Amino acid sequence: MEMVSTVQNTDVKQKDADRALVVAVTTRAVFDAAAGDVYGMGVAFPLLQKVNERLLEKNPAESLLFDVVLIATDSQQQSSRIISSTSHYGLEVGRFCFSSREDLVETLVVNNVQLFLSTDRDEALQVSQKGVLSALLGRQEAPSESLRVMLCGDAIVRPDCDPVPASRGAAQSFSARLGEMRGRFGVSGSPLSIVLVTSSGGSKSCGVALQTLRSRGLSVDEAYCLAGAPRGPILSLLRPHFLLGDGVIDLED
Amino acid sequence: MVKMSLDPVQVKELNVSPSPNGDSRASWEEEEVEEEEEDRLGIATKTKPVSVTDLSSVSPSLCFRLAARMSRTQKLSLPDSRFPFQEASDRGSSELFTTSLFKVWCLRCPPVAHQWGGASDKVTGRRARKVEGGVFFPKPENAVTVAVSSRVLFRTELEQRVFEQKGVEEYLRYQIEHENEPFAPGPAFPFVKALETVNARLRELYPQSEELFDIVLVTYNHAHVGIRLINTINHHNLFIERFCMTGGSSPIGYLKAWQTNLYLSADADKVREALAEGIAAATMFMTEKLTEVSESQLRVAFDGDAVLFSDESERIFKAHGLDKFFQHEQDNEDTLLDHGPLKGFLEALGKLQKKFYAKGQRLDCPIRTYLVTARSAASSGIRALKTLRAWGLEIDEALFLAGAPKGPMLEKIRPHIYFDDQMFHVEGAAEMGTVAAHVPYGVAQKHNQPQKPGARK
């Protein structure tokens, strides 16, 4: 029997469900159980909120905003505690979902989640195999001017080699929406940065990735073509907040 | 080969037949072994008249001895008008050698007749980029990584102007509009092409080795320009598979991540940042006149002080003048000079050269290195050579100009790139068509005054 309950956060103005870019994150990724501190998502949250603020500055009637759904899959966690912590840290969460591990994917689908964020690689992979686009949260505390979203170009270039074909459609529509959102800002001073990394393949395939993304409406800010060079050193410099990609990203520096 | 006479000293005629490895010993050298210890620059007790008509096959150790004998046993007067490091006013002279100057052109091995980029070398149309076998994506720690910015690899002056006059949005719009128009080659282009030539030869000899040149495009251009840059790379058949387009943030971190051995940029600030991080770097400028360079042999020329060596001697000269400089050099002849920012790169070149020697390709080596220094061979040059020797670094040709202008000499050598710490020499070289790169290091930077007005991009 399913027990999924969704609670709207009354502290936060609700977004237009059809137009918003719905991003979901588990409480584990937000709250460190032991310390009770905001973690992982903690760095990304204020930046994501800044994107929304800047979008509304440009257009108070803007509907293409980030809409965050916080999902609790651990029945041990008290719902009231989660809601009060969220309020305490001023996190702009639109909805709370109290679910279970087994029902995670269903919760995501029901809530029309376009991007699922996790600190757990296996969890992210499992979810994307069920057709919901997933990304890893970057583990870094360094301050940043913008929310940095990293895309791995290898799957874009060779879709037949995509380890997670199920979420390919979701990836395409997400890049289109993200591109639209990015396009609201100019080249410099944007609160949102799009970073493309291709790991294998040479400069030509990176060029194909750039063109493919552009055809979907997503213009990339930074591009790195590694052509087989180790990813770790470059990743630690790139400091992405969200890493979308090939399902087998190793975030170790 | 250049014939020269050394004034005021007469050097005995040499009958030397060049040996395949270039280490020929002259007959009089053998005589001297009794007088002097092997490999030591001793002081000869009697002066023998000795004349040299052809120094083409003289080994560096012979040059050492020659120079040492000159400095110790003969009276050499350097004319007042020629000082090392001085910014000579009459640099228009096309005379390679003047009789009033003492220069020794030390050659390690006889130069092979080189192709000066004949028709057979030129690539017409697109060659197939797919090559049988060989390593194409070497690990950064194994390769000699050369990072170039887009502004030195290609000519982007027009686009720069758009950026400066109309701002970044218009600049990017312009770039995207002209995406299918490849850029023209920039000052680093011939150098990069030569690196690829060396790679092709290395792959032939060592198909599984990752010890190759790895050329990385590191630009703080926005990725919007990426497609145009990639199109240009393809158009010119360049083998650049790695790049970083940082969209405005500093590329220095990426240089370290790529374990960069040499960074070439048009931006002096970025170059200084790189130098501060211990990465060999130099600023390049576009020149209107470009001498044709070899397409089969990479030639890299280095200044000595503040490039290969530290600027300690230059400091002495600048602070205390020429006499003190000479004295200091003589007193410290046996003390090694400290290393300079480009020493590591010379070392990396030497490692690759040895790979060719190991396969019996010393004479036909596609890498050749040159030291072009204002030091004079008789005195201050000895310390430079000793230092190089102690470091285990080999340099193919060492040219001691004793303060003469470098332009004409470089025009003869035709290096793909020449590194100097003084803008004066960089400009002088450029005027004669040599691609020169400025290493903004050391005490000379306080005195650097570009002769020409106008922005350098």
| task | Any chance you could list P(r) for region B:144-284, counting all Cα-Cα pairs in 5 angstrom bins from zero, rounded to whole %? | result | 2, 10, 20, 22, 20, 14, 8, 3, 1, 0, 0
| said: For A:Val109, what accessible surface area do you get with a 1.4 Å probe? Give it in Å², rounded to 10. | reply: 90
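For region A:49-127, which trypsin sites (Lys or Arg not before Pro) are in a loop by DSSP, counting at most 14 other Cβ atoms within 10 Å?
Numbers: sites: A:Lys50, A:Arg54, A:Lys58, A:Arg81, A:Arg95, A:Arg101, A:Arg121; in loops: A:Arg101.
Passing both the DSSP loop test and the Cβ count: A:Arg101.
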| message | Positive end of the dipole of chain A, charges at C-beta (+1 Lys, Arg; -1 Asp, Glu), about the Cα centre: which of A:Gln14, A:Val68, A:Ser146 has its Cα farthest in that direction? | response | A:Ser146
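Accessible area of region B:144-284 with a 1.4 Å probe: how many percent of it is carbon plus sulfur? Let's see the in-between values first.
On the way: 2270 of 4660 Å².
Answer for region B:144-284 is 49 percent, counting heavy atoms of protein chains only.
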| said: Please list, ordered by chain and number, the residues whose modelled amide H lies under 5 Å from the amide H of B:Phe302; skip anything fewer than 5 residues away on the same chain. | reply: B:Tyr370, B:Leu371, B:Val372, B:Phe419
| said: Rolling a 1.4 angstrom probe over the protein chains, ignoring ligands and nucleic acids, what is the accessible area of B:His222 in square angstrom, nearest 10? | reply: 20
| field | Volume of the Cα convex hull of region B:298-446, divided per residue and given in Å³ | value | 100
| said: For a quick check: with amide H placed at 1.01 Å from N, whose amide H comes under 5 Å from B:Ala147's, ignoring anything fewer than 5 positions away on the same chain? | reply: B:Val216, B:Asn261, B:Leu262, B:Tyr263, B:Leu264
| Share of antiparallel DSSP beta bridges in region A:1-157, in percent to the nearest 5? | 25
| Between B:Glu211 and A:Gln77, what FRET efficiency comes out of the Förster formula 1/(1 + (r/R0)^6) with R0 = 45 Å and r the beta carbon distance, rounded to 0.05? | 0.20
| said: As an exercise, take the mean of 1/r over every pair of distinct alpha carbons in chain A, invert it, and state the Kirkwood radius in angstroms. | reply: 18.4
| query | For region B:398-413 and region B:239-267, what is the separation of their Cα centres, given in Å? | reply | 32
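Accessible area lost on pairing B with A, both sides, 1.4 Å probe, Å² to nearest 100?
On the way: alone 20120 and 11890 Å², together 29730 Å².
Buried area between the two chains comes out at roughly 2300 Å².
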| query | Looking only at other chains, what is the average number of their beta-carbon atoms within 10 angstrom of each beta-carbon in B:224-230? | reply | 6
| note | region B:353-432: Kirkwood hydrodynamic radius (Cα pairs, Å) comes out at 13.9
| Other protein chain Cβ atoms within 10 Å, averaged over every residue that makes up A:233-243 | 3
| field | Percent RCO, i.e. relative contact order, over chain A, from Cα pairs under 8 Å lying at least 6 residues apart | value | 21
| Per-residue mean of other chain beta-carbon atoms within 10 angstrom of the beta-carbon, peptide B:252-265? | 2
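The values are calculated or read from the model by the stated rules, or taken from the named source; none is laboratory data. All of these numbers come straight from a predicted model, not from anything done at the bench. No Cβ is skipped: glycine too gets one built from the backbone with ideal geometry, and neighbour counts run over all protein chains shown. The accessibility values were calculated without ligands, DNA or RNA, using every heavy atom of the protein model including side chains. Shrake-Rupley method; radii C 1.70, N 1.55, O 1.52, S 1.80 Å.
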